Amino acid sequence: MSAVDGAALIALLGIVLYAILGGADFGGGLWELLASGPRREQQRTVITEAIGPVWEANHVWLIFVIVTLFTCFPAAFSDIATGDNTPLAIALLGIVLRGSAYAFRNYADDDKVAHFWLVVFGSASIITPFFLGTAVGGIATGSYDWHSPFALCVGLLAVALCGELAAVFLLLETEDPSLRRDFRRRAIIATIAVWILGIPPALLARAEYPPLFAALTSPIALGAIGAAIILGIGVMICVAAHAYVAARVAVGAEVLAVLLGWFGAQAPALVPGHLTFQAAASPDATLVAFLIAAAIGAVFLIPSLYCLFAVFKSRPRALSQRQ
C-alpha cells in the first residue's frame, strides 16, 4: 500500500466515523424537533441527555477529515472548497447554530425562549446534513452542481440516514419501555424512508449523469448498495426483536456500506473529471509524516474518547442498578 492509499483510507475512516457518530447527533436534533405524543417531553429529555458532551464530541471527526484533506490532498481541498463553497458554508453555519442553540435552550428561563432555541436547534440539525449531502452530490457528479435534483435528493437521503441512526442509537439511551416503543417506531419509519429516498438519486443519475450511473453500477458499488439494503432489513429485524446492540451495529454497517458504494464508485477519482487521489496528493514526505502523526495521535485520541464514553454513559446505568 502506498502513502497515497494510506492517506485516502484514513480520510475515508474519518468520513465514516463522522457520518455514523456525528450523523446520530444530527438525527437526535431532528427527532427532538419532531417529538410528539403524550411522551413528547420525555423523548426530548432522553435526546438532550444523549447528545450532551458525548454525541457532540463526535464533530471532532469532521475537523479530522478537513485536516486530512488539506494536508494530504491540498489540490482537492482547494477544488472542493471552491466548487462546493455555498453548501459547505451553509452546513458550517448550521453546526454553529446547533451548538449555540443547544446551550441557549438549556439555560433559558422562559419557556417561549427555550422553545425558540429548540426550533433553531432542530432546524439546524436538518439543514446541516442536508447541505453536507448536497455537497457530496455535487462532488459525485464532478460538476459541483450541488443544487441539481440529484444533489438535492442526496441531501434528503443524508437527513433520512441521520434520523435512522439516531432512532436506533436512542433505543439504548433509555430503559423506559414506552419511550423505547416510540423510538422503535421512528427507527422503522426512518429505515423505510432511507430505502425510498435512495431510489431517486439512482434514477436521476441514470438520466442526467451517465458516467456516474455507470460507476454506481460497477461490481464494487453494486455490492455495497446490496449490502446496505440487506443491512437495512437487519436493522428492522433487530429493532423488532429488541436486539438493540445488534441494531446499532447493523445501522452503523449500513451507513458504512452506503459510503463504500460512493467511494468505490468514483475511485481512483477523488473529484470525478477533476482530480484523482494520486494527482491531488501532497509529496510523499508530507504523506509519510501525516501517517506517523495520525498513528501517534490515535494513541491519545482513542483512549480519551473511551474515557469520555465510560464516564458519561456508564453512570446512568450504575445509578439505575443501585435504585
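None of the figures in this text is laboratory data; all of them are computed from the coordinates on show. These numbers come from a predicted model, not from an experiment. Reconstructed Cβ throughout: ideal geometry from the backbone, glycine too, with neighbour counts over all protein chains shown.
Report the relative contact order of the chain, percent, no decimals, based on alpha-carbon pairs under 8 angstrom and at least 6 residues apart.
Values: 426 pairs, mean separation 70.0, N = 323.
RCO, the chain: 22 percent.
Which residue, Leu222, Leu171, Leu30, tops the fluctuation ranking in a GNM of the chain built on C-alpha contacts under 10 Å?
The residue with the greatest mean-square fluctuation here is Leu222.
I'd like to verify something in the chain: which complete DSSP H helices, judged by Cα projection on the helix axis, reach 24 Å or more and average at least -1.0 on the Kyte-Doolittle scale? Let's see the in-between values first.
Numbers: long enough: 85-107 (33 Å, 0.69); 111-141 (45 Å, 1.22); 149-170 (32 Å, 2.23); 177-197 (30 Å, 0.38); 219-240 (32 Å, 2.42); 244-266 (34 Å, 1.35); 284-322 (55 Å, 1.14).
Answer set is 85-107, 111-141, 149-170, 177-197, 219-240, 244-266, 284-322.
By how many nm would the segment from Ser36 to Thr48 lengthen if fully extended, with 0.36 nm per residue of separation less the alpha-carbon distance? Display every interim value, and only then the final one.
On the way: separation 12, 0.36 × 12 = 4.32 nm, distance 1.52 nm.
That works out to 2.8 nm of additional length.
Taking the Cα-to-Cβ direction at Thr217 and at Ala75 and moving 7 Å from each Cα, how far apart do the two end points lie in nm?
That separation, rounded to one decimal, is 3.1 nm.
Report the full-extension gain for the segment Val67 to Ser100: residue separation times 0.36 nm, less the Cα-Cα distance, to one decimal in nm. Write down the numbers at each step before the final one.
Numbers: separation 33, 0.36 × 33 = 11.88 nm, distance 2.36 nm.
Using 0.36 nm per residue and subtracting the Cα-Cα distance, I get 9.5 nm.
May I ask you to list the residues of segment 165-182 whose amide nitrogen lies under 20 Å from a point 7 Å from Cα along the Cα→beta-carbon direction of His242?
Within reach of a label on His242, which here means backbone N under 20 Å from a point 7 Å along Cα→Cβ, segment 165-182 contributes 167-182.
Would you grab the residues whose amide H sits under 5 Å from the one on Leu270? Only those 5+ places off in sequence or on another chain, please, with H modelled 1.01 Å from N.
Those lying under 5 Å, H to H, from Leu270 are Leu275, Thr276, Phe277.
When the Kirkwood radius is taken over all Cα pairs of segment 124-234, what Stokes-Einstein diffusion coefficient follows at 25 °C and 0.890 mPa s, in µm²/s?
Details: Rh = 15.0 Å.
For the chosen part, D equals 164 µm²/s.
For each of Cys72, Cys238, Cys162, count neighbouring Cβ atoms within 10 Å of the residue's Cβ, then give the residues from fewest to most.
Numbers: Cys72 25, Cys238 21, Cys162 32.
In increasing order of surrounding Cβ atoms, one gets Cys238, Cys72, Cys162.
Before rounding to the nearest 500, sum -39500 (n - 2.57) across all DSSP H runs of length at least 4 in the chain and divide by the residue total; then give [θ] at 222 nm in deg cm²/dmol. Before the final figure, lay out the partial values.
Working: 15 runs with 262 residues, N = 323.
Calculated at 222 nm, the ellipticity per residue is -27500 deg cm²/dmol.
At 0.36 nm per residue, minus the direct Cα-Cα distance, what do Leu92 and Asp176 gain on full extension? Give it in nm, one decimal, please.
Numbers: separation 84, 0.36 × 84 = 30.24 nm, distance 3.51 nm.
Result: 26.7 nm gained on full extension.
Among rounded, prolate and oblate, which fits segment 189-323 when a ≥ b ≥ c are the square roots of the eigenvalues of its C-alpha gyration tensor, a/c under 1.5 means rounded, and a/b larger than b/c means prolate?
Working: a/c = 3.52, a/b = 1.21, b/c = 2.91.
Taking the square roots of the gyration eigenvalues as a ≥ b ≥ c, segment 189-323 is oblate.
Quick one: plug the Kirkwood hydrodynamic radius of the chain (C-alpha pairs) into Stokes-Einstein at 25 °C, 0.890 mPa s, and report D in µm²/s.
So the translational diffusion coefficient is about 120 µm²/s.
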